[in-house]
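Report on the following structure.
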Amino acid sequence: MAIWQLLVEGRPRLARGPAGDGPAELLDAGASIDGVLGGDPGALEVLLGAPAVGPVPGGAQQLAPVGSQPVWAAGVTFLRSRDARLEESEGLDAYDKVYLAERPELFLKALPGTARGPGQPIGVRADSHWDVPEPELALVVDRHGRIAGYTIGDDVSSRSIEGENPLYLPQAKLYQGSCALGPCLVPVGEAPDPAEMEIALSIERDGAELFADRCSVADMKRSLPELVDWLWRGQDLPRGAVLLTGTSIVPPPDLTLRPGDQVTIAITGLGRLTNPVELIDTSGPAATG
């Protein structure tokens, strides 16, 4: 079973249902992801076993399974990711060094309330010419630094901007529509062991599959608790955080996302996240007066 966040009659509500099938039962109106991740250890498990208050009404919209948590991301945690970054930066050794270093690369991926949910559009920047989805296992971590559950994350990225200069990383990674999460939050006790999870990516264009690939979470160089430990160093996260753990699926250099494409990411035991692609205007306020 999993926890789903829905928009019901204009406000977020939590529901319960199988990760692969969808939400079936509404939970108490006072239940929230903030309350769960900002509460005592085990609060998510308690919520999962709480009585339902009724069926999910028709027309409920699926939202990203996140509240006021920031979304962070780890980079270069797979060998394939390191190699791709070396290629796009024409051999800059910073990526090789961070892959081998004790300290991981961590960066802010989405401000609270900005992650897109299932079916909502993800964005590509108008000032970028090479844009890709990055399918990743997302850790949902409570305020104590405990991994409470998992979801699927899409770290949409501009490879052309990052490749031009690594100091442009925030512009390549953090912008409108650059992060999607969903479809649900699967508690650790309800999910497969991450070492047994497989991540699959599919990109469709004009109704036909343009690209597909898959990888194993077990190929990650760093452990999940290690990444969480580094994120919590020097930070107070009173409502927890979501942490994307890196990708090993890298589309070829001649593939870039276009508006109208559809991206689908599936992870073993966590369901399927599908988002259309839209163009994000980056002209800025100076261009409009």
* Note down the relative contact order for the chain as a percent, whole number, built from C-alpha pairs under 8 angstrom at least six residues apart. => 24
* Structure fact -> Amide H proximity to Ala60 below 5 Å, modelled H, separation 5+ or other chain, gives none
* **Helix 79-88 axis, angle to the chain major axis (alpha carbon atoms, nearest 10°)** => 40
* From the Cα gyration tensor of region 157-236, with a ≥ b ≥ c the square roots of its eigenvalues, which class applies: rounded if a/c is under 1.5, or else prolate if a/b is larger than b/c, or else oblate? -> oblate
* So what J values fall out for region 53-62 if you push phi through Karplus, 6.51 cos²θ - 1.76 cosθ + 1.60 with θ = phi - 60°, rounded to Hz, Gly and Pro as x? -> 10, x, x, 6, x, x, x, 5, 9, 6
* Structure fact -> Output ordering of 233-239, 175-181, 140-146 (per-residue mean of other Cβ within 10 Å, highest first) is 175-181, 140-146, 233-239
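Does region 212-289 come out rounded, prolate or oblate, given a ≥ b ≥ c as the square roots of the eigenvalues of its C-alpha gyration tensor, rounded meaning a/c under 1.5 and, failing that, prolate meaning a/b above b/c?
On the way: a/c = 2.21, a/b = 1.24, b/c = 1.78.
Judged from the Cα gyration tensor, region 212-289 comes out oblate (a/c at least 1.5, b/c at or above a/b).
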* Under 5 Å, built H, 5+ apart or other chain: amide partners of Cys184 -> Ile152
* Per-residue HN-Hα couplings for region 153-163, Karplus 6.51 cos²θ - 1.76 cosθ + 1.60 at θ = phi - 60°, whole Hz, x for Gly and Pro? -> x, 10, 8, 5, 9, 8, 6, 5, 5, 5, x
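Quick one: compute the contact order of region 2-62, relative version, from alpha carbon pairs under 8 angstrom and 6+ residues apart, as a percent. Could the numbers behind the result be given before it?
Details: 92 pairs, mean separation 22.4, N = 61.
Relative contact order for region 2-62 comes out at 37 percent.
All of the numbers you see were taken from the coordinates with simple rules; none came from a lab. All values reported here derive from a predicted model rather than from experimental measurement. Every residue, glycine among them, receives a Cβ derived from its backbone with ideal geometry; neighbour counts consider all protein chains shown.
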